[in-house]
1. Measuring from label point to label point, each 7 Å out along Cα→Cβ, what is the SER123 to ALA167 span in nm?
2. Please give the residues of the stretch 88-105, grouped as numeric ranges, whose backbone N is less than 19 Å from a label point set 7 Å along the Cα-to-Cβ vector of ALA157.
3. Around GLY16, with a cut-off of 15 angstrom between Cβ atoms, what is the net charge of the other residues, counting Lys and Arg +1 and Asp and Glu -1?
4. Order 113-122, 151-160 from most to least packed using the mean count of other Cβ atoms within 10 Å.
5. Describe numerically, in nm with one decimal, the distance between label points set 7 Å from Cα along Cα→Cβ at ALA100 and at ARG138.
6. Count charges around HIS67 for me, please; just the other residues with Cβ under 13 Å from its Cβ, Lys/Arg as +1, Asp/Glu as -1.
7. Under a point spin-label approximation (7 Å from Cα along Cα-to-Cβ), what is the GLN27-GLU80 distance to one decimal in nm?
8. How much length, in nm to one decimal, is gained on full extension between ASN149 and ALA50, taken as 0.36 nm per residue of separation minus their Cα-Cα distance?
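Bear in mind that the values in this text are calculations on the coordinates, not laboratory data. All figures in this text were calculated on a predicted structure; none of them were measured in a lab. Quick reminder, even Gly has a Cβ in these numbers, built from the backbone with ideal geometry, and neighbours come from all protein chains shown.
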Amino acid sequence: MSSTRIVIVPGWRNSGPDHWQSLWAEQLAGAERVEQDDWFVPRRSDWVQALEKTILSRPGRVVLVAHSLGCITAVHLGAEACARVQGALLVAPADPERRAQLSDFAPVPYAPLPYRSVLVASSNDPFCPIRRAGAFARAWGSELVRLQNAGHVNVEAGFGPWPLGLALLQSLLQESAWEATPAAGPGKSERARAEAGLKPAGTVLSW
């Protein structure tokens, strides 16, 4: 297993104890969770600073596990912290232009991310239309995993431990391990994707 750190990035109003992010934080050895001073009145500068502080607090690469507004926080990272990101699982990104409470996070950056990312979106997410999520994925260069009628991919939508999400995370961690091994050779990242049921970057999968 890779020594890459896992950084969990909750969204607006935090993730409760039964949320898959919270369950993973307890289950995955060494996982770190970003804490915000104010979960209910989010300010972009404060949220981004808290995430950057967590990433830079210790040496080494990180894989981000973000949900909702946490996804948008992640794509606002500055260059120094962004350079430490090995990969990101971006689940049910929020659309800050649709809710006044989140407007400080708009506009959403549309630049390609300099690391591998998997974006999971739902066909009926009340916080972000599937077309908007697809536009995010295209702009960021993310692999898009489209879930059918999965709501906001949270407890209210019936998501607990969420094994599919764990498989996607494992593909990112395995790729990190192979890329860190000089003898790994080409093609290993594609093997990691295949083992998690993914196809090459740029494709869309539906569940």
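1. Label-label distance for SER123 and ALA167, simple model: 1.9 nm.
2. Only 88-99, 102 fall inside the zone, counting backbone N under 19 Å.
3. Working: positive: ARG13, ARG33; negative: ASP18, GLU26, GLU35, GLU156.
So the environment of GLY16 carries a net charge of -2.
4. 113-122, 151-160
5. If labels sit at ALA100 and ARG138, their model points lie 3.2 nm apart.
6. Numbers: positive: ARG13, ARG33; negative: ASP125, GLU156.
Result for the local shell: 0.
7. Result: 3.5 nm between the two label points.
8. Full-extension gain reported as 32.4 nm.
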